[in-house]
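Down below is the structure, laid out as structure tokens.
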């Protein structure tokens, strides 16, 4: 059963990478066409990134939150991750200099809410539940951190179509800090918002998605919110 769970987790992580890479490749080949936007925002971030982890959560009765051994240490790693990736990197100051309009900021929020949610669900829900018993076993705890770091590294190496090693290493380090935070807090809904903030600020600083289709990001966000809503409703029915 454990071997089957690990193989299943690895399979869907591979599918996650493939869909991400294919959507990025199509985007470049078609010069960021509407088709590539739909593939990235609907198929990749919504159906693969959000639906698959939550489907397994329901199937195997996983939980978003567990009892953390030391939340203070976890919050310190979380704050360090945010400071390193937004303030110390200079990304936050660059965003201020770009003087975005509120409508454009909203577009980036709608674009990167489901994107970061998919990454977060894989990193802090699917992977921890695939590596069973890490809560009581130090060796498996180390394996969990390594798996999260590797996931972040490969995710953003694929995102650059294997061109930007510096980005992959940076995101691997951020994955390390977030992974350590999760190890001590063990609460998806605390760690995930930090990932969302990190991705949002850095993408705003890169200034690459100003022309992204507004309706696509709205539909993508609504799709992810719908999946989450059904999951919350299901949880309430089970708890009641």
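The values are calculated or read from the model by the stated rules, or taken from the named source; none is laboratory data. Treat the numbers as computed from the prediction; the structure is a model and nothing was measured. Don't worry about glycine lacking a Cβ; one is built from the backbone with ideal geometry, like all the others, and counts go over all protein chains shown.
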### Query
Going through the range 5-46 one residue at a time, which ones are out of contact with any helix residue (DSSP H, G or I) (no Cβ under 8 Å at 6 or more places or on another chain) and modelled with pLDDT of 90 or more?
11, 14, 18, 25
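If I go through the range 189-215 residue by residue, how many of them are in a helix (DSSP H, G or I) and farther than 27 Å from residue 175 by Cβ? Outline the logic, then answer.
First pass over the range 189-215, keeping only residues in a helix (DSSP H, G or I): 189-206, 214-215.
Filter once more, keeping what is farther than 27 Å from residue 175 by Cβ: 214-215.
Residues meeting the conditions: 2.
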## Note on the structure
Checked against (1) under 30 Å from residue 161 (Cβ atoms); (2) free of Cβ contacts under 8 Å to residues at least 60 places away in the same chain, residue 13 satisfies every condition except (2)
### Query
Considering only the range 141-169, how many residues are in contact (Cβ under 8 Å) with a residue 12 or more places away in the chain and assigned to a helix (DSSP H, G or I)?
18
### Query
Can you name the residue in the range 104-145 that is over 16 Å from the mean Cα position of the chain (by Cα) and closer than 30 Å to residue 206 by Cα and, of all such residues, is surrounded by the most Cβ atoms within 10 Å (Cβ to Cβ)?
107
### Query
Does at least one position in the range 199-208 carry a residue that is closer than 25 Å to residue 55 by Cα and either surrounded by 14 or more Cβ atoms within 10 Å (Cβ to Cβ) or at pLDDT 95 or above (or both)?
yes
